[in-house]
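Reading through the structure tokens given below for one structure.
The values are calculated or read from the model by the stated rules, or taken from the named source; none is laboratory data. None of the values given here were measured: they were computed from a predicted structure. Here the Cβ positions follow ideal geometry from the backbone for every residue, glycine too, while neighbour counts run over all protein chains shown. Just the protein is used for accessible areas: all its heavy atoms, side chains included, with ligands, DNA and RNA removed. Shrake-Rupley method; radii C 1.70, N 1.55, O 1.52, S 1.80 Å.
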Amino acid sequence: MLAINILEAVIREFQVGYLGFNGIVDGMQYISGGWNYVNGVAGLLNIVLICGWFGIYASSGKKKDMLWPDQTKLWIIAYGVWNIAYVYSCAPGNAFYSGVALNIAATIPALFWAKGTWMQNRAATLSFWMMWVMTFPYFFAIGSTFNVSVSYNPVANWTLAIISLVLNVTLAIWQIHRIRKNRLNPLKDEIFTDLKEYKIINSYREEDINQRHSHTA
């Protein structure tokens, strides 16, 4: 579902670039350019770089969390910048909220005190946003007190798209290096098992297993 969601956005990115959206389109102001293709490529890379999904598990206890040990900080940040660049180009009317604010809401907990929960956080915050914006479609529209407009400056679009591509290319080089060095199958194997962040998240699973064994003993 994550890959499909990213792919949908990539298709829209290419569409905006190919059709040359400039001015008001479907009630929203756009500018399009080469940055659409650059960020579209970054999005495709981001899909390919999703790894370790076989290691996803649900924690036990009253509050169950979906944890993803092999999802590194660099992937999360690369995704966040890509998504902000996408929203800035393809949904500029909501760029501050659905781009910046929504990504921060899911990313900060996952990087600091709720490691491994990014996907769960992203699904929850994005669902809340969609329910809100569909219920109150004009809450952030032009003329609203809560509207935050973008600059519509090509330099800003290029900057975001290039940073997005650089981050995803850097992650791709890192992953390829580790796959070749450790002779891994990226479709089945977890790639970052020796990293500290992986070990922290995976330790929760080991604690769950030990607790289950103690209960059954």
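Things worth noting here:
- Crossing angle, helix 2-19 versus the chain [Cα axis fit, 0-90 degrees, rounded to tens]: 20 degrees
- Share of pairwise Cα separations in the stretch 70-142, more than 21 Å, in percent: 26 percent
- Relative to the globular-protein estimate of 2.2 N^0.38 Å, the Cα radius of gyration of the stretch 59-109 stands at 1.39.
- Principal-axis tilt of helix 34-48 within the chain, Cα atoms, nearest 10 degrees: 20 degrees
- Using alpha carbons only: equivalent-ellipsoid semi-axes of the stretch 1-103, gyration tensor based, whole Å: 30, 15, 10
- Full-extension gain in nm, I24 to I173, via 0.36 nm per residue minus C-alpha separation: 49.7 nm
- With a Förster radius of 22 Å applied to the beta-carbon distance between M130 and K63, the computed FRET efficiency rounds to 0.40.
- When the Gaussian network model of the chain links Cα atoms closer than 10 Å, the mean-square fluctuations of Y204, Y86, Y97 top out at Y204.
- For M28, nonlocal amide neighbours, meaning residues 5 or more places apart or on other chains whose placed amide H falls under 5 Å from its own, do not occur.
- Sequence-separation-based contact order of the stretch 20-145, relative, with Cα cut under 8 Å and 6+ spacing, percent: 21 percent
- Max mean-square fluctuation residue, GNM over the chain, Cα-Cα springs under 10 Å, options D65, D189, D26: D26
- Figure note: R180, R205 ranked by solvent-accessible area, largest first, 1.4 Å probe, ligands and nucleic acids not counted: R180, R205.
- For the residue pairs K64/K199; K64/K188; K64/K181, alpha carbon separations beyond 26 Å are given by K64/K181.
- Taking M131, M66 and ordering them by how much accessible surface each has at a 1.4 Å probe, largest first, produces M131, M66.
- Using just its DSSP H runs of length 4 or more, each adding -39500 (n - 2.57), the chain gives a mean residue ellipticity at 222 nm of -20000 deg cm²/dmol after division by all residues.
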